[in-house]
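Asker: Take this structure first; my questions come after.
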Amino acid sequence: MVGALVLAWLLLSAAACAQREQDFYDFKAVNIRGKLVSLEKYRGSVSLVVNVASECGFTDQHYRALQQLQRDLGPHHFNVLAFPCNQFGQQEPDSNKEIESFARRTYGVSFPMFSKVAVTGTGAHPAFKYLIQTSGKEPTWNFWKYLVAPDGKYWSSCGPVHSSSGSPGLHCHCLCALLPVHQLKAPHEVGPRIKLTAYRPQGGGAP
């Protein structure tokens with residue numbers, strides 16, 4: 001009798017696990033140096049997933065804005081996750097080594113970078129396929145951004161035109177996504193206090 005109950009409990013537990021919806025942090029990706037990384041390591045943090053390019057007209061302003069976000073919000077369970085992509089205008093033609101060297105040397109980026117991938121179409125990386133499916137929005141150009149919640153679920157997205165470094169809108173949007181993280185953690189776990197007034201919108205504008 002006890003054995004039957006244990007077996008039933010195990011079967012129910014397995015079924016519950018199988019029924020859990022897949023999320024962004026269930027996927028794996030190869031980092032910019034060729035190592036396979038489980039995105040599970042970012043669970044519990046907010047992630048801004050971006051397809052980057054080194055030779056785009058948006059490159060300078062967006063790399064600077066992304067690094068500023070990482071510098072400001074990184075201590076508060078936040079990460080920019082950069083995925084180089086050569087699909088739009090062939091503006092990321094170099095090797096992973098050259099891409100990393102350019103980003104680190106020119107912009108001093110400290111956020112995680114991954115190997116070059118496709119982000120749209122049938123050959124898109126599975127993590128991007130998930131984001132496209134759950135958001136209903138597909139990247140149309142370089143520096144498309146998906147904001148992923150701490151539980152791995154899609155939060156929001158925006159294109160490069162609506163998230164320039166000249167507007168605090170993207171900062172504010174990331175802060176909104178971070179609020180649940182801070183509500184769920186003890187004060188000593190969340191790092192330095194975020195100064196919300198530093199990112200008060202000036203004149204509005206969607207992120």
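Here, each number is a calculation from the coordinates, and none is a lab measurement. Every value quoted in this text rests on a predicted model; they were computed, and no experiment measured them. With ideal geometry, Cβ positions are generated from the backbone for all residues, glycine too; neighbour counts draw on all protein chains shown.
Asker: Taking neighbour counts of Cβ atoms within 10 Å as a proxy for exposure, in what order, fewest first, do T134, T140, T122 appear?
Answerer: Least to most surrounded, the residues fall as T122, T140, T134.
Asker: Same structure, new question: Taking the Cα centre of segment 38-99 as the origin and placing charges on Cβ (Lys, Arg +1; Asp, Glu -1), which of V50, P75, Q90 is farthest toward the positive end of the dipole?
Answerer: Comparing the listed Cα positions along the dipole, P75 ranks first.
Asker: For the pair T122/R105, report the inter-label distance in nm, with labels modelled 7 Å from Cα in the Cβ direction.
Answerer: 3.9 nm
Asker: Using a simple spin-label model with points 7 Å from Cα along the Cα→Cβ vector, what separation in nm is obtained for Q68 and K35?
Answerer: Taking the simple label geometry, Q68 and K35 are separated by 3.1 nm.
Asker: Grab the Cα-Cα distance for K28 and T140, subtract it from 0.36 nm times how many residues apart they are, and report the gain in nm with one decimal.
Answerer: 38.0 nm
Asker: Assuming 0.36 nm per residue, please report the length gained on full extension of the stretch V161 to Q61 beyond their Cα-Cα distance.
Answerer: The span from V161 to Q61 would gain 34.9 nm if fully extended.
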